[in-house]
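The structure under discussion appears below in the form of structure tokens.
What follows is calculated from the coordinates using simple rules that are stated; it is not laboratory data. Since the model is a prediction, treat every value here as computed from it, not as a measurement. Cβ placement follows ideal geometry from the backbone for every residue including glycine, while neighbour counts extend to all protein chains displayed.
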Amino acid sequence: MARAPAADADPLAVLERYARAGARWVHFVDLDRAYGRGANRDLTRACLGAAGVRVQVGGGVSTEGAIDEL
């Protein structure tokens with residue numbers, strides 16, 4: 001299976017490519033949130049809504065409150 005570049009400029013395009021390539025799951029990590037440097041809630045929500053595949057989210061999403069935010 002093809003792999004996305006580590007720092008692709010458009011994460012939604014990466015999700016679309018994976019879905020077209022037949023991916024059934026994508027693991028999405030918000031590294032900013034994981035390292036306490038902010039959060040990418042809007043991007044995470046967009047990925048969850050547009051993925052077309054199941055998305056496992058990680059990176060500082062460790063409480064029910066954090067899950068509810070998404």
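Residue pairs, Cβ under 7 Å, 6 or more apart or interchain, first in segment 16-31 and within 18 Å of LEU70 (Cα to Cα), second assigned to a loop (DSSP other than H, G, I, E, B) and among the acidic types (Asp, Glu). List them.
Qualifying pairs under 7 Å: none.
Restricting attention to segment 47-67, which residues are within 15 Å of LEU31 (Cα to Cα) and exposed (fewer than 13 other Cβ atoms within 10 Å of the Cβ)?
Those that are within 15 Å of LEU31 (Cα to Cα) and exposed (fewer than 13 other Cβ atoms within 10 Å of the Cβ): GLN56, SER62.
Sort out for me the helices (runs of 4 or more DSSP H) sitting completely within segment 9-70 that have 2 or more residues that are under 9 Å from the mean Cα position of the chain (by Cα). Can you show your working first?
Numbers: elements: 11-20, 31-34, 41-50, 64-69.
Filter on segment 9-70 gives 11-20, 41-50.
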